[in-house]
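Peer 1: Structure provided below as structure tokens; questions to follow.
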Amino acid sequence: MSDDDILSRHLTRRDVLRLGLAAGGVAAAGAVLAACGASTSSSAAPASAAASVPASAAASEAAASASAALGGKLVIGAFEDGALTPFKGTILPMFEAATGVKVEFLTEPYDSFFAKAFQDGTSKAGQYDIYIMDDPWIPQYAAAGILEDLGPHGIEMDADYPLPFADLGFWPPREGPRVKGFETEEPKLIALPTIGDLQTLTYRNDVFTSGAPATWADLVSTGQGAMATGKVKYGFVFRGVKGNPIVTSFYPIFRSFGAEFFDGKWNPIFNSDKGKAAADFFVTKLKAIAPKGVAEFDSDQEGAAILGGDAAAIIQYSGNAIKSDDPAQSKVVGKLDFGVVPKQESAIAQIGIFIHGVSASAPNKDNAIAFMKWFATNDVQTALARSGDLPVKTPAFSDAQAVKDHRLLPVALAQLNAGAQARPRTPDWSKVESIIGTELNIALAAGSGGGAALDKAATQVKDYLTQQGYY
């Protein structure tokens with residue numbers, strides 16, 4: 001899901017420790033005080049690469065087990081988001097009909113649910129059986145020990161999950177830097193993907209007449225040409241507001257230039273030569289084909305530009321992309337197509353998925369485990385895709401009926417295969433993102449100095465992470 005309607009703050013590593021101890025001393029929480037290196041690079045892997053864990057038992061067996069008459073209830077907690085409407089209206093009634101379990105689906109505003117669910121887990125209050133989380137929550141929740149290890153319950157991440165989605169369900173991370181205390185631990189499966197979401201390109205097919213621009217150079221040159229002829233006002237539009245919005249817009253450019261945010265020991269390296277080149281390109285060449293006030297653009301403004309017919313292209317999350325075909329929202333229905341994001345070295349988009357785990361203190365744990373197994377079956381994932389959400393298992397992306405009704409599906413799968421990555425897995429990412437986004441916004445407003453902005457941000461990030469005990 002898009003970050004513009006999520007997290008205004010994350011708990012820091014020290015907050016996780018404080019809350020864990022206040023709740024009676026969660027042993028794992030102490031491990032978030034400091035960080036250390038991990039073993040492997042965080043370079044993007046294609047979705048076609050199977051998850052490096054054994055395939056689960058046959059789906060039919062899991063479905064049969066989950067569909068046995070269970071009775072009782074199941075309490076699922078989630079944050080409010082329109083993407084959960086098909087989940088609530090279609091999927092949960094299917095589970096109730098299959099199992100006889102009565103599902104209570106409790107939602108709250110994003111920040112409120114984050115805090116309430118975390119407190120439920122650390123205090124072992126048992127208000128919820130399953131938490132539906134935003135994927136950046138996993139470092140906080142897993143390190144605090146409030147998510148059930150799914151392995152002993154016979155749940156495995158099978159090979160039908162795209163690898164970028166699958167990786168988010170493990171703690172400690174299978175790749176990238178790890179918090180101290182977890183660096184030598186075997187990753188455990190503590191959550192499963194719920195609803196997929198990622199960035200893709202939306203473009204005007206009467207501007208890019210040969211299809212989606214393959215490279216950033218193609219996008220800029222064609223966009224400039226369309227502006228010169230008056231076909232569109234802007235070749236490209238994006239969010240430039242400081243903090244999360246501008247960093248989310250910058251992410252696919254930054255990653256496509258081959259840049260990384262951190263090394264294996266949490267040292268900032270986003271101001272590498274590649275990172276600086278991406279930043280300079282962003283604040284000069286992309287700004288030159290964007291609206292003059294783009295440094296103050298957020299979702300409403302960029303959405304109005306593409307749906308109103310003023311912009312030739314945009315990179316956005318699926319919830320906004322699907323508005324392209326809605327005549328109530330778009331003035332250019334039929335002129336907007338979807339594609340993989342442009343590349344420099346590679347074509348990497350940001351992912352931000354819904355992900356669910358069982359509370360370690362769940363009062364209806366058997367029903368929670370049954371739901372996890374049932375929801376992971378390909379038949380249920382196909383139903384999810386047909387209902388209008390992005391599924392989280394590969395076969396459902398190619399279901400003929402789902403694709404007929406939701407043409408973004410094959411493009412989303414193509415993007416997963418081309419390259420897709422989540423934000424760095426640290427509870428302090430929100431602060432880091434705020435620092436980068438503030439400096440980058442200043443450079444964008446000036447129309448120059450992207451590389452220097454990253455240098456300033458790297459110094460500030462290093463100082464902050466030092467204070468948080470990362471080194």
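Peer 1: Between residue 205 and residue 462, what is 0.36 nm times their sequence separation minus the Cα-Cα distance? Round to one decimal in nm.
Peer 2: Length gained between residue 205 and residue 462: 88.2 nm.
Peer 1: Follow-up question, since we're still on this one. Determine the distance separating the Cα centre of the stretch 337-392 from the Cα centre of the stretch 172-196; give it in Å without decimals.
Peer 2: With the stretch 337-392 and the stretch 172-196 each reduced to a Cα centre, they are spaced 17 Å.
Peer 1: Roughly how many percent of the accessible protein surface of the chain is carbon and sulfur, given a 1.4 Å probe and a whole-percent answer?
Peer 2: 52 percent
Peer 1: As I understand it, the dipole of the chain uses +1 on the Cβ of Lys and Arg and -1 on the Cβ of Asp and Glu, about the Cα centre. Which of 84, 189, 315 lies farthest toward its positive end?
Peer 2: 315
Peer 1: Explain nothing, just the number: dipole magnitude of the stretch 117-156 about its Cα centre with +1 on each Lys and Arg Cβ and -1 on each Asp and Glu Cβ, in debye rounded to the nearest 20.
Peer 2: Value, rounded to 20: 180 debye.
Peer 1: Taking 25 °C and 0.890 mPa s as the conditions, I'd like the Stokes-Einstein D for the stretch 326-471 in µm²/s, using the Kirkwood hydrodynamic radius from alpha carbon pairs.
Peer 2: My calculation gives 127 µm²/s for D.
Peer 1: Pull up all non-local amide H partners of residue 258: gap of 5 or more, or a different chain, and H-to-H distance under 5 Å with H placed in the peptide plane.
Peer 2: Amide H to amide H, under 5 Å and 5 or more residues apart or across chains, residue 258 pairs with 345, 346.
Peer 1: From the backbone phi of the stretch 275-287, what are the Karplus-calculated ³J(HN,Hα) couplings (6.51 cos²θ - 1.76 cosθ + 1.60, θ = phi - 60°) in whole Hz, Gly and Pro given as x?
Peer 2: Karplus values, whole Hz, x for Gly and Pro: x, 5, 4, 5, 5, 5, 4, 5, 8, 10, 5, 6, 4.
Peer 1: What size of dipole, in debye to the nearest 20, comes out for the stretch 185-278 about its Cα centre when the only charges are +1 on Lys and Arg C-beta atoms and -1 on Asp and Glu C-beta atoms?
Peer 2: 420 debye
Peer 1: So, one more: Based on the Cβ-Cβ distance of residue 328 and residue 284, what FRET efficiency does E = 1/(1 + (r/R0)^6) give at R0 = 45 Å, to the nearest 0.05?
Peer 2: My answer for the efficiency is 0.75.
Peer 1: Could you name the lysines whose alpha carbon sits less than 22 Å from that of residue 365, not counting residues in the same chain fewer than 8 places away?
Peer 2: Result set, ordered by chain and number: 73, 88, 102, 116, 124, 188, 373.
Peer 1: So what's Rg/Rh here for the chain, counting alpha carbon atoms and using the Kirkwood radius for Rh?
Peer 2: 0.96
Peer 1: Show me, for the stretch 111-128, the HN-Hα J-couplings you get by feeding each phi into the Karplus relation (A = 6.51, B = -1.76, C = 1.60, θ = phi - 60°), rounded to Hz, glycine and proline as x.
Peer 2: 5, 5, 5, 3, 5, 5, 5, 4, 5, 4, x, 6, 8, 6, 6, x, 6, 10
Peer 1: Could you give each residue of the stretch 329-346 its phi-based ³J(HN,Hα) in whole Hz, using Karplus coefficients 6.51, -1.76, 1.60 with θ = phi - 60°, and x for Gly or Pro?
Peer 2: 10, 10, 8, 10, 4, x, 9, 10, 10, 10, x, 5, 4, x, 10, 10, 8, 8
Peer 1: Sort the following peptides by mean Cβ neighbour count (other Cβ atoms within 10 Å, averaged over residues), highest first: 352-358, 441-447.
Peer 2: So the peptides 352-358, 441-447, ranked by packing, come out 352-358, 441-447.
Peer 1: Kirkwood hydrodynamic radius, computed over distinct alpha-carbon pairs, for the stretch 209-309: how many Å, to one decimal?
Peer 2: 14.5 Å
Peer 1: If you filter the stretch 286-371 for trypsin sites (Lys or Arg not before Pro), then keep DSSP loop positions with at most 15 other Cβ within 10 Å, what is left?
Peer 2: 292, 331, 335
Peer 1: OK, next. Set Lys and Arg Cβ to +1 and Asp and Glu Cβ to -1, take the dipole of the stretch 100-242 about its Cα centre, and tell me which of 227, 150, 214 lies farthest positive.
Peer 2: The one lying farthest along the dipole's positive direction is 227.
Peer 1: Same structure again: Which FRET efficiency, nearest 0.05, do residue 97 and residue 73 yield, Cβ-Cβ r, R0 22 Å?
Peer 2: 0.90
Peer 1: Let me ask something else about it. Quick check on the stretch 77-154: what are the equivalent-ellipsoid semi-axes from the Cα gyration tensor, as sqrt(5λ), descending, whole Å?
Peer 2: Whole-Å semi-axes of the equivalent ellipsoid: 22, 17, 12.
Peer 1: Per residue, how big is the convex hull of the stretch 172-237 when only Cα atoms are used? Give it in Å³.
Peer 2: Spread over its residues, the Cα hull of the stretch 172-237 gives 157 Å³ apiece.
Peer 1: Right, here's the next one. What size of dipole, in debye to the nearest 20, comes out for the chain about its Cα centre when the only charges are +1 on Lys and Arg C-beta atoms and -1 on Asp and Glu C-beta atoms?
Peer 2: Approximately 780 debye in magnitude.
Peer 1: Follow-up question, since we're still on this one. What value in Å³ per residue do you get for the convex hull of the alpha-carbon atoms in the stretch 202-267?
Peer 2: Output value, Cα hull per residue: 106 Å³.
Peer 1: Calculated FRET efficiency, residue 300 and residue 224, Cβ-Cβ r, R0 30 Å, to nearest 0.05?
Peer 2: My answer for the efficiency is 0.70.
Peer 1: Would you mind getting the accessible area per residue of the chain, heavy atoms of the protein chains only, 1.4 Å probe, in Å²?
Peer 2: 36 Å²
Peer 1: Next question. Just the projected area, averaged over all directions, of the convex hull on the alpha carbon atoms of the stretch 362-426: how many nm²?
Peer 2: The Cα convex hull of the stretch 362-426, projected and averaged over all directions, gives 6.0 nm².
Peer 1: In terms of modelled amide H atoms, which long-range or inter-chain residues lie less than 5 Å from the amide H of residue 420?
Peer 2: Amide H to amide H, under 5 Å and 5 or more residues apart or across chains, residue 420 pairs with 45, 349.
Peer 1: Amide H neighbours of residue 188 under 5 Å, counting only residues 5+ apart in sequence or on other chains, H built in-plane at 1.01 Å?
Peer 2: Distant-sequence amide H within range of residue 188: 171.
Peer 1: Out of all DSSP beta bridges with both ends in the chain, state the antiparallel percent to the nearest 5.
Peer 2: 65 percent
Peer 1: Would you be so kind as to identify which of 339, 293, 267 lies farthest towards the positive end of the dipole of the stretch 265-344, taking Lys and Arg as +1 and Asp and Glu as -1 on Cβ and the Cα centre as origin?
Peer 2: Comparing the listed Cα positions along the dipole, 267 ranks first.
Peer 1: To make sure I understand the rule: partners must be lysines, Cα under 28 Å from the Cα of residue 335, and not fewer than 8 residues away in the same chain. Which ones qualify?
Peer 2: Counting by Cα, and skipping residues close in sequence, residue 335 has these lysines nearby: 231, 233, 285, 287, 292, 323, 343, 404.
Peer 1: How far apart, in nm, are the 7 Å Cα→Cβ label points at residue 85 and residue 231?
Peer 2: 3.4 nm
Peer 1: Could you work out the equivalent-ellipsoid semi-axes for the stretch 127-182, taking the square root of 5 times each eigenvalue of the Cα gyration tensor, largest first, in whole Å?
Peer 2: The answer is 17, 17, 12 Å, longest axis first.
The values are calculated or read from the model by the stated rules, or taken from the named source; none is laboratory data. What you see is a predicted model, and the numbers here were worked out from it, not measured in a lab. A quick note on method: Cβ atoms are made from the backbone with ideal geometry, for glycine too, and the neighbour counts reach across all protein chains shown. Accessible surface areas use protein heavy atoms only, side chains included; no ligands, DNA or RNA. Shrake-Rupley method; radii C 1.70, N 1.55, O 1.52, S 1.80 Å.
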